[in-house]
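Data first, discussion second: the structure below is written as structure tokens.
The values are calculated or read from the model by the stated rules, or taken from the named source; none is laboratory data. This structure is a prediction, so every number in the text was calculated from the model and none was measured. Cβ: placed from backbone, ideal geometry, glycine included. Neighbour counts: every protein chain shown. Please note that ligands, DNA and RNA were not included when accessible areas were found on the heavy atoms of the full protein model with its side chains. Shrake-Rupley method; radii C 1.70, N 1.55, O 1.52, S 1.80 Å.
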Amino acid sequence: LRVVGLDNFPSPRGATPPGLEHDEVAHWLINRDILAGNHAIYFSEASGHEALYHYAQAYFGAAVGDHALALRLPSAYLGVLLCAIAYALGRRLFGERMGLFSAAFLAILFWPVFYSRLALRAIALPVVSGLSALAWWRAFHATHHKQQTTHASASSRSRFGDRWLLISGALAGLSLHTYMAARAVPIFYALYTAYLALFHRQALWTRRRGVAAFWLGLIAVALPLVTFLLLNPGAEARIGEVDAPLRALLAGDPRPVLANAVQIVAAFAWRGDPLWRQGIAGRPLFDPVLGILFYAGVVISLWRWHEPRHACLLLWLGTSVIPSLVTVDAPSTIRMVNLLPVLMLFPLIAVETLWRWARTLYRRSVKPEQGQLIHTSPQLSTLWTRLSTELVTSVFAGALLLLLLYHAWATTRGLWRVWPASEEVQFVWQAALTEAAAYL
């Protein structure tokens, strides 16, 4: 799904994308400047671009070739890496099964696949921030692991966790060099640190040196970019083009932000991004079933907010939508792209809760010593007689696999049929020029 047809050559089935979009061309021009020796921490061209993705893209192109395939392949590889990160993060937070299904859905959902096929820097953000979150949880997992008896092993484990927190901070700072929406990453970590200080002081105190190292690492890596932007306030022209809701809020009018909030909440099941250049206009992020499960998972996490892993997900969700909340054209999938590493964990939390409820209900309905049902209803007794805990698990897994197959089909149809057929997409991606070049 991420690499087929990336060479930008028209085919009988239709190319997708059908040409090169102006933002992709702008990326290419900046890359050529880098290869010509014009280096920068931030590029003010094209309304302002962070540099990290451009350096990776430029040197990748130098190694592979100066063509559309090489321009887009870094995004495809980052999209695949994002699936691996979703698996590792989901496994560490909620177990193997959650990690596997999280990765599987990210592999085929339209949203992550779409941005994995464009030569745009946004896809780098969830990869770097996701690695940061993974390193953070690896450190805290070391903290909560069963303590050994010797002082030496405890000291070694402490240094191990502190190193991972330093790495997490450096990656969080590095995420600011990927895309504008990364400004929400430090907000997330600040809120999550405050949450731990308020409700899990012992865990935070145990890792106090590591958390201090985290913030030092974040500041050290982000400081060159922050310094440049403070000294060159006109470099970020793009923010001034899209921040009307934020300016209204600061002026005392919250209505644009509140309207954006309603649109963002609806984006998961009812109506999505309104712009064709960011996907199929109006298409929600999930089908109605996954959408309802997503909302249910958010409610369950709210109910379990006292658990650090659920608080982490809620704060990640809340901060990831801030860039779209305070800008125009909400809900903007490209400005909410940092949500991708944890996106599928919310509906999977709902599925896992339903699965455990079904297993518990079955066990309570059967006398362990007799294997007989204690329900008074004959119909219900017959139903539960045919069920077992293994069958309950198989039913839930089968339902998720059906949803996977549906979304794989929907993504394939959307990418190769619906989206490239739009007149706006044909214009923005310059399909006519591509077809003319191929003919010549």
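Counting only protein heavy atoms and using a 1.4 Å probe, what share of the accessible area of region 14-102 belongs to carbon plus sulfur, as a whole percent? Don't skip to the answer; put the middle values down first.
Numbers: 2240 of 3530 Å².
C and S fraction of accessible area: 64 percent.
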- region 48-149: relative contact order from alpha carbon pairs under 8 Å, six or more residues apart, as a whole percent, is 29
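Quick check: residue separation of Glu45 and Ile292 times 0.36 nm, minus the Cα distance between them. What number comes out in nm?
Details: separation 247, 0.36 × 247 = 88.92 nm, distance 4.16 nm.
Gain on stretching Glu45 to Ile292: 84.8 nm.
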- Query: Distance in nm between label sites at Arg208 and Arg413, each 7 Å beyond Cα in the beta-carbon direction?
  - Reply: 5.9
- Task: List the relative contact order of region 239-349 as a percent without decimals, with contacts defined as Cα pairs under 8 Å and 6+ residues apart.
- Result: 31
- Item | Backbone N within region 263-287 under 16 Å of label point (7 Å from His22 Cα along the Cβ vector) | 276-278
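Going by the alpha-carbon gyration tensor, a ≥ b ≥ c the square roots of its eigenvalues, is the chain rounded (a/c under 1.5) or, if a/c is not under 1.5, prolate (a/b greater than b/c) versus oblate? Can you show the working numbers first?
Values: a/c = 1.86, a/b = 1.28, b/c = 1.46.
Judged from the Cα gyration tensor, the chain comes out oblate (a/c at least 1.5, b/c at or above a/b).
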- Packing-based order for 294-301, 327-334, using average beta carbon neighbours within 10 Å, highest first: 327-334, 294-301
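Counting alpha carbon pairs within less than 8 Å and at least 6 residues apart, what relative contact order, in whole percent, applies to the chain? All intermediate terms of the calculation are to be shown ahead of the outcome.
Details: 632 pairs, mean separation 88.9, N = 440.
That works out to 20 percent.
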- With the charge dipole of the chain built from beta-carbon charges (+1 for Lys and Arg, -1 for Asp and Glu) about the Cα centre, the Cα from Phe160, Thr434, Trp28 projecting farthest to the positive end belongs to Phe160
- Given Cβ charges of +1 for Lys and Arg and -1 for Asp and Glu, the option among Ala197, Leu275, Thr227 whose Cα lies farthest towards the positive end of the dipole of region 190-279 is Ala197
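If you take the beta carbon distance between Leu302 and Phe228 as r and set R0 to 41 Å, what does 1/(1 + (r/R0)^6) give as a FRET efficiency, to the nearest 0.05?
E(calc), rounded to 0.05, equals 0.55.
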- Note on the structure: Mean-square fluctuation maximum in Gaussian network of the chain, Cα pairs under 10 Å, restricted to Ala311, Ala40, Ala51, hits Ala40
- Estimated [θ] at 222 nm from DSSP helical runs (n ≥ 4, -39500 (n - 2.57)) normalised by residues in the chain, nearest 500: -21500 deg cm²/dmol
- Message: Take the chain, mark every one of the trypsin sites (Lys or Arg not before Pro) that falls in a DSSP loop and has at most 16 other Cβ within 10 Å, then report the longest stretch left between them, sites excluded.
- Response: 14-145
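For the chain, what does the accessible surface come to per residue with a 1.4 Å probe? Please give it in Å². Before the final figure, lay out the partial values.
Numbers: 20740 Å² over 440 residues.
It amounts to 47 Å² per residue over the chain.
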- Message: Just to be sure I understand: with springs between alpha-carbon atoms less than 10 Å apart, which residue in Gln426, Gln263, Gln202 has the highest mean-square fluctuation in the Gaussian network model of the chain?
- Response: Gln202
- Message: Just to confirm the number: angle between the C-alpha axis of helix 124-144 and the first principal axis of the chain, 0 to 90 degrees, nearest 10?
- Response: 40
- Check: region 221-333 dipole with +1 on Lys, Arg Cβ and -1 on Asp, Glu Cβ, in debye: 160
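Quote the charge dipole size of the chain about the Cα centre in Debye, to the nearest 20; the model charges only the Cβ of Lys and Arg (+1) and of Asp and Glu (-1). Don't skip to the end; give the middle numbers.
Numbers: 36 positive and 24 negative charges, 413 e Å.
Dipole about the Cα centre, nearest 20: 1980 debye.
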- Degrees between helix 345-364 axis and first principal axis of the chain (Cα, 0 to 90, nearest 10): 10
- Query: Which residue, Ile34, Ile264, Ile85, has the most motion in a Gaussian network model of the chain that connects Cα atoms within less than 10 Å?
  - Reply: Ile34
- Enter the angle in degrees (range 0 to 90, nearest 10) between the Cα long axis of helix 96-108 and the first principal axis of the Cα atoms of the chain, meaning the one along which they spread out most. 30
